[in-house]
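Student: My questions will all concern the structure given below.
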Amino acid sequence: MSYSILNVPENGKKITITDGVLNVPDNPILPFIEGDGTGRDIWAASIRVLDAAVEKAYGGKRKINWMEVYAGQKAFDKFGSWLPDETVEAFHEFLVGIKGPLTTPIGGGIRSLNVALRKLLDLYACVRPVMYFEGVPSPVKHPEYVDMVIFRENTEDIYAGIEFENGTPENDKFKALFKEAFPEEYAKIRFPDTAGIGLKPVSKEGTERIVRSAINYAIKYGRKSITLVHKGNIMKYTEGAFMKWGYEIAEREFGDKIYTWAQWERTKAKKGQDAANAEQDAALADGKILVKDVIADIVFQQTITRARDFDILATMNLNGDFLSDALAAQIGGIGIAPGGNINYDTGAAIFEATHGTAPKYADKDVVNPGSVILSGEMMFRYMGWDEAADIILLAMGKAIAAKTVTYDFHRMMDGATKVKCSEFGDELIKQMS
Ligand code: NAP
């Protein structure tokens, strides 16, 4: 592929994928989007930390060839497009990359650049680890109990973007068709004349690929359980189906590695509760991963009151969106909440800050770069560069333990030293040695 607005680094090589396994050269080309607003400060600090971790881990044997690609305000100012085609092409071609936060365009056809990128690359898994660093200010008593990873389905659900605004011809047409075809269902709309309408598609394939990804991750990293989060007691054929299909694929594809609550229920029905408990205990003692489920409202309580019961959480789109921010609050907030949007089949992945551009702090060099740096940590682990990832985690833990922190943590910590965004990067690099 030749590019007219992008410069492909001469010395690097592409990451490729064969039979679901990434082939990562020692000098990979990694596309990055700097990000708008605070993204500029954050990226300047992050790139130094990521390069330093690779250097420290591999002593020059491995090196990233960064390739800037454009989206957001910077892309619009330079090229008159919020999301140039070449940016999407570059992620298709080079597979793995990272991005800072992007301004959401006001007006025009794009609702959100993040959503557009996820859609165009079919990045169906939004992966958000939620882990605690000792010393981070937290509103809960035992933040150290929180060690979870959310696998949020990224392409379906009420977020599919199929909405009809009240008062538009499209809304009128949709309601007329609906009324004609399903008069009884139509009668359930409480105020039909003014109702906006949104659709909530949830498919078997969409459910299976996110649950499969979550289980594969649990197996790879020795996790203990996967919880399917759903509101199936009310929305039976979307949320309820997510649970049902989730259990089915778990048993069908991973039968020798997992034990499900669906199995427990069947054994209980046949042989009684004691037998079901004994079966589950034996399976877990044998090292099997427990696949269970929870209703989406109670999960917000239980992840606070019994955080240790949760490990991997597989969720639908909207539930996962809410849950990610709620859980991030327990471990220090969005300043250090990383994320990855991944298609485990094509290998394409974009790791990203989960917060926005925080425009009031733009170019002031004050915000926490932790979210992008930890997204880099996730990216390295995804690439199989675990040594570099470990170095980042260790340095982050040490910097926070030393109470050298940016304003967001400083305002909640006693006796801490407040540093700038760039200085926090310096501190991490110092802690690596
Ligand atoms: P935001 O940018 O996430 O900022 C909200 C608040 O979060 C900030 O005022 C700040 O809190 C805190 N915060 C954000 N980043 C931080 C960091 N790195 N370190 C420490 N604290 C941080 O949300 P917003 O103001 O609602 O959105 C601004 C723009 O970003 C909008 O255009 C929005 O569409 C876009 N956005 C982009 C993404 C993305 O690209 N992934 C995600 C969300 C929003 P305090 O004021 O308390 O210090």
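Student: Which numbered condition in (1) modelled with pLDDT of 95 or more; (2) buried (at least 22 other Cβ atoms within 10 Å of the Cβ); (3) within 16 Å of the ligand (Cβ to nearest atom) is the only one that residue 113 fails?
Tutor: Among (1) modelled with pLDDT of 95 or more; (2) buried (at least 22 other Cβ atoms within 10 Å of the Cβ); (3) within 16 Å of the ligand (Cβ to nearest atom), residue 113 violates only (1).
Student: Go through the residues of segment 108-125 one by one and say whether even a single one is in the same structural domain as residue 37 (by TED's automatic domain parsing), within 28 Å of residue 210 (Cβ to Cβ), touching a residue at least 12 places away in the same chain (Cβ under 8 Å) and more than 17 Å from the chain's Cα centre (by Cα).
Tutor: Among the residues of segment 108-125, at least one is in the same structural domain as residue 37 (by TED's automatic domain parsing), within 28 Å of residue 210 (Cβ to Cβ), touching a residue at least 12 places away in the same chain (Cβ under 8 Å) and more than 17 Å from the chain's Cα centre (by Cα), which makes the answer yes.
Student: Examine segment 98-105 for a residue that is more than 26 Å from residue 378 (Cβ to Cβ), free of Cβ contacts under 8 Å to residues at least 40 places away in the same chain and in the same structural domain as residue 44 (by TED's automatic domain parsing), and state whether such a residue exists. Let's see the steps before the verdict.
Tutor: So the first thing to find is which residues in segment 98-105 are more than 26 Å from residue 378 (Cβ to Cβ), and the list is 105.
Those still in the list that are free of Cβ contacts under 8 Å to residues at least 40 places away in the same chain too: 105.
Among the residues that remain, those that are also in the same structural domain as residue 44 (by TED's automatic domain parsing) are: 105.
Yes.
Student: So if I check each of 41, 77, which one is part of a helix (DSSP H, G or I), within 16 Å of the ligand (Cβ to nearest atom) and at pLDDT below 95?
Tutor: Exactly one residue qualifies, and that residue is 77.
Student: From the list 136, 140, 115, 130, exactly one residue is among the β-branched types (Val, Ile, Thr) and assigned to a strand (DSSP E or B). Which is it?
Tutor: Residue meeting the stated conditions: 130.
Student: A follow-up question, please. Can you go through 331, 304 and tell me which one is more than 16 Å from the ligand (Cβ to nearest atom) and either in the same structural domain as residue 154 (by TED's automatic domain parsing) or modelled with pLDDT under 95 (or both)? Working first, answer last.
Tutor: Numbers: 331 fails: more than 16 Å from the ligand (Cβ to nearest atom).
Going through 331, 304 in turn, just one is more than 16 Å from the ligand (Cβ to nearest atom) and either in the same structural domain as residue 154 (by TED's automatic domain parsing) or modelled with pLDDT under 95 (or both): 304.
Student: Within segment 392-412, how many residues are out of contact with any strand residue (DSSP E or B) (no Cβ under 8 Å at 6 or more places or on another chain), touching a residue at least 40 places away in the same chain (Cβ under 8 Å) and either surrounded by 21 or more Cβ atoms within 10 Å (Cβ to Cβ) or under 22 Å from residue 361 (Cα atoms) (or both)?
Tutor: 7
Student: Considering each of 213, 225 in turn, give the residue that is in the same structural domain as residue 244 (by TED's automatic domain parsing) and touching a helix residue (DSSP H, G or I) at 6+ places or on another chain (Cβ under 8 Å).
Tutor: Of 213, 225, the one residue that is in the same structural domain as residue 244 (by TED's automatic domain parsing) and touching a helix residue (DSSP H, G or I) at 6+ places or on another chain (Cβ under 8 Å) is 225.
Student: Condition test on residue 377, is it within 16 Å of the ligand (Cβ to nearest atom), among the acidic types (Asp, Glu), modelled with pLDDT of 95 or more and surrounded by 20 or more Cβ atoms within 10 Å (Cβ to Cβ)?
Tutor: Yes: the conditions hold for residue 377.
Student: Could you check segment 342-366 and list, in sequence order, the residues that are within 10 Å of the ligand (Cβ to nearest atom) and of a type outside the set (Gly, Ala, Ser)?
Tutor: Listed by number, the residues that qualify are 352, 354, 355, 357, 359, 360, 361, 366.
Student: Which of the following residues is closer than 30 Å to residue 89 by Cα, part of a helix (DSSP H, G or I) and at pLDDT 95 or above: 320, 340?
Tutor: 320 is the lone residue from the list that is closer than 30 Å to residue 89 by Cα, part of a helix (DSSP H, G or I) and at pLDDT 95 or above.
The values are calculated or read from the model by the stated rules, or taken from the named source; none is laboratory data. Every value quoted in this text rests on a predicted model; they were computed, and no experiment measured them. Using ideal geometry, Cβ is built from the backbone for each residue, glycine included, and neighbour counts are taken over all protein chains shown.
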